[in-house]
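Asks: Submitted below is the structure of interest, expressed as structure tokens.
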Amino acid sequence: MSYYKIIGLDKEPFSTSPDPEFFYQSMEHKSALYRLRIAIELRRGLSLVLGDVGTGKTTLSRKLSQLLSEDRGLVIAMVLNPIYESEKQFLADLAERFHIVVDSGNESAPTLLDYMKAIERFLFEKGVQEDKTVVLLIDESQKLSEPCMEILRTLLNYETNEYKILQLILMGQMELLPRISRINNLWDRIAVKYFINPLEEEEVRELINFRLHMAGYVSRHPLFNDAAVRAVYNHTQGYPRKIAMLCHDALEYIVMHNRETVDREVVHDLIQREMKAVQAFRYVSQAAG
């Protein structure tokens with residue numbers, strides 16, 4: 001039997017996978033979703049969402065993609081790991097994701113120009129003739145190369161008198177910020193600039209309770225008492241990924257030790273174990289070096 005079933009849960013509540021069902025919408029995340037959807041609805045072009053590692057950007061991107069996919073007036077493609085060896089590979093991937101047929105006009109493989117022309121035709125057919133909103137969502141955008149960024153800048157040039165034809169959403173770590181600011185005519189085209197901050201202590205409590213509820217927990221007895229929540233917040237500083245990992249370990253701990261509640265002692269014990277493990281790893285690494 002899985003550990004979570006022993007404490008009355010139907011699912012794993014604290015997986016670090018970006019499941020939209022377990023996406024806790026803090027004020028930061030709600031605001032980001034709202035502003036992004038408005039920008040897309042108004043076809044304003046480029047939106048930028050930045051945050052440190054573990055602040056929930058990927059889960060936010062999955063939730064946004066889920067919401068947008070329900071709208072038949074949208075054509076959406078999502079890139080999760082934008083590492084490309086060349087501009088041509090990048091364009092070929094975009095063409096495949098948007099189901100664009102690229103004709104080279106001869107028996108040779110399509111050229112860079114062939115891909116650009118095909119994508120341009122697609123954008124005008126869908127975005128102007130069919131009046132659909134074309135959305136490209138790229139997660140981990142800090143991995144984009146400079147040539148790929150230039151291609152995106154070019155695609156954002158396509159517009160009518162009223163709106164941008166391509167709606168581009170870039171989500172990435174803070175290191176993306178100075179790179180974008182150095183690209184001519186790109187920074188001033190950003191319609192939405194949003195920075196995701198870690199959760200406050202009360203939001204940590206709400207996240208924990210929300211995930212437990214979504215996993216099927218219905219008891220009036222709280223699994224995490226106030227002192228435990230405070231200890232989780234102090235250690236994780238409100239980063240959702242760290243919270244999920246620590247809370248997962250805490251639930252396993254109380255099952256293994258036949259306890260009913262996660263308290264401050266449990267959390268502190270887990271933190272001490274983590275610190276010892278890190279120290280041991282560093283020792284072994286130094287010895288091996």
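Asks: Please state which one of Gly73, Gly45, Gly56, Gly51 is in contact (Cβ under 8 Å) with a residue 12 or more places away in the chain, assigned by TED's automatic domain parsing to the domain that holds Met174, surrounded by 17 or more Cβ atoms within 10 Å (Cβ to Cβ) and farther than 30 Å from Cys247 by Cβ.
Replies: Gly45
Asks: Name the one entry in Tyr84, Tyr115 that is of a type in the set (Phe, Trp, Tyr) and either closer than 30 Å to Tyr34 by Cβ or part of a loop (DSSP other than H, G, I, E, B) (or both).
Replies: Tyr84
Asks: For region 183-195, check the following and say yes or no: at least one residue is assigned by TED's automatic domain parsing to the domain that holds Gln272, surrounded by 14 or more Cβ atoms within 10 Å (Cβ to Cβ), small (Gly, Ala, Ser) and modelled with pLDDT under 95.
Replies: Scanning region 183-195, I find no residue that is assigned by TED's automatic domain parsing to the domain that holds Gln272, surrounded by 14 or more Cβ atoms within 10 Å (Cβ to Cβ), small (Gly, Ala, Ser) and modelled with pLDDT under 95, so the answer is no.
Asks: Let me ask another. Give just the number: which of (1) assigned to a helix (DSSP H, G or I); (2) under 30 Å from His257 (Cα atoms); (3) of a type in the set (A, V, I, L, M) does Leu9 not satisfy?
Replies: Only one criterion is unmet by Leu9, namely (1).
Asks: Sort out which residues of region 214-252 are over 20 Å from the mean Cα position of the chain (by Cα) and outside any helix (DSSP H, G or I), and write them in order of number.
Replies: Ala215, Gly216, Tyr217, Val218, Ser219, Arg220, His221, Pro222, Leu223, Phe224, Asn225, listed by residue number.
Asks: Show the residue pairs that are 6+ apart or on different chains and have beta-carbon atoms under 6 Å apart, the first residue being within region 234-253 and within 16 Å of Glu202 (Cβ to Cβ), the second being surrounded by fewer than 17 Cβ atoms within 10 Å (Cβ to Cβ) and not basic (Lys, Arg).
Replies: Here the result reads none, with nothing in region 234-253 linked to a residue that is surrounded by fewer than 17 Cβ atoms within 10 Å (Cβ to Cβ) and not basic (Lys, Arg).
Asks: What strands (runs of 3 or more DSSP E) completely inside region 129-213 contain at least 3 residues that are touching a Lys or Arg at 6+ places or on another chain (Cβ under 9 Å) and of a type in the set (A, V, I, L, M)?
Replies: Ranges flagged: 190-196.
Asks: Those residues that are in contact (Cβ under 8 Å) with a residue 12 or more places away in the chain and of a type in the set (Gly, Ala, Ser), I need them from region 107-134; list them, please.
Replies: Ala118, Gly127
Asks: Glu162: of a type outside the set (S, T, N, Q) and in contact with a helix residue (DSSP H, G or I) (Cβ under 7 Å, 6 or more places away or on another chain), yes or no? Even if it seems obvious, please write down each step before you answer.
Replies: Working: of a type outside the set (S, T, N, Q): yes; in contact with a helix residue (DSSP H, G or I) (Cβ under 7 Å, 6 or more places away or on another chain): no.
Criteria not met by Glu162.
The values are calculated or read from the model by the stated rules, or taken from the named source; none is laboratory data. Quantities reported herein were computed from a predicted structural model and do not represent experimental measurements. Because the Cβ atoms are built from the backbone with ideal geometry, glycine has one as well, and the counts that use them run over all protein chains shown.
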